[in-house]
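I have placed the structure first, in the form of structure tokens, so that the comments after it can refer back to it.
The values are calculated or read from the model by the stated rules, or taken from the named source; none is laboratory data. What you see is a predicted model; the values in this text were computed from it and never measured. Using ideal geometry, Cβ is built from the backbone for each residue, glycine included, and neighbour counts are taken over all protein chains shown.
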Amino acid sequence: MGSRPGRALSVPLLVLVTALVSACSVGAAASRGDAGDEPSTPGGGYAYLDQVDANGLIDGLTYSQFFGRKVFDCIVGEGWTTITLKEDGAYGGDVPEEQRDAYDASQDRCQEKVEAMFPTPVMSDRAIRERYGYELKTRQCLITQGYSISEPPSVEVWLEQFKNPQDGLWLPYAEVGAVGVGASQELRSACPDPADRFYQP
């Protein structure tokens, strides 16, 4: 799971859910807060995770799609009906310059509301190890798609990397070159990004 949508910086506005960015950015890769042995609030506010299926999805939606849709619905509910939602969970649209501050305020309110309703738990060591297993599967999948992906570190090394991403974190999707954050929906469907799924605390 990744962090929530951030403020758009240009017009037309486009918000990319940063769970996808975390797949290609070392600095954002430990995207569920500071990793630790136990969730910070065990059992508190995480009931929605009971809906996570065997593929790490909720109602067939990835992390980006789920939270992008929640924030989008809230923003539209505040009257921003020119905003549109994309398949990958990104949302955006043309907002007049004179309305930018009002839009940004709505987006901030909606992000806070969604974060309060669907808090993201800190990943336990067990969850991080599970994520590592999916990274290995994604590496193999990307290789079959024609990409050259480096050999993975050991699970213990990766566990430490995940907890200290500023020191570097091995991520297969960070090695797909120009595709990067803009990886096609087709590629991500063929090779799911482990950063864009839900994990139990």
Query raised in the report: Within the set of pairs 6+ apart or on separate chains, which have a first residue in region 153-178 that is of a type in the set (Val, Ile, Thr), a second that is in a loop (DSSP other than H, G, I, E, B), and C-beta atoms under 9 Å apart?
Result: 157/170; 176/24; 176/145; 176/147; 176/149; 176/183
Report summary line: Inside region 112-127, the number of residues satisfying the requirement of being surrounded by fewer than 21 Cβ atoms within 10 Å (Cβ to Cβ) and either touching a helix residue (DSSP H, G or I) at 6+ places or on another chain (Cβ under 7 Å) or in contact (Cβ under 8 Å) with a residue 24 or more places away in the chain (or both) is 9
Query raised in the report: Do the conditions hold for residue 167, that is, is it surrounded by 14 or more Cβ atoms within 10 Å (Cβ to Cβ) and farther than 30 Å from residue 78 by Cβ?
Result: no
Query raised in the report: polar (S, T, N, Q), crowded, with 19+ Cβ neighbours inside 10 Å, within 30 Å of residue 170 (Cβ to Cβ) and modelled with pLDDT of 95 or more: does that describe residue 138?
Result: yes
Query raised in the report: Is it true that some residue in region 79-90 is among the acidic types (Asp, Glu), at pLDDT 95 or above and surrounded by 13 or more Cβ atoms within 10 Å (Cβ to Cβ)?
Result: no
Query raised in the report: Is region 154-162 home to any residue that is under 28 Å from residue 70 (Cβ atoms), of a type in the set (S, T, N, Q) and touching an Asp or Glu at 6+ places or on another chain (Cβ under 9 Å)?
Result: no
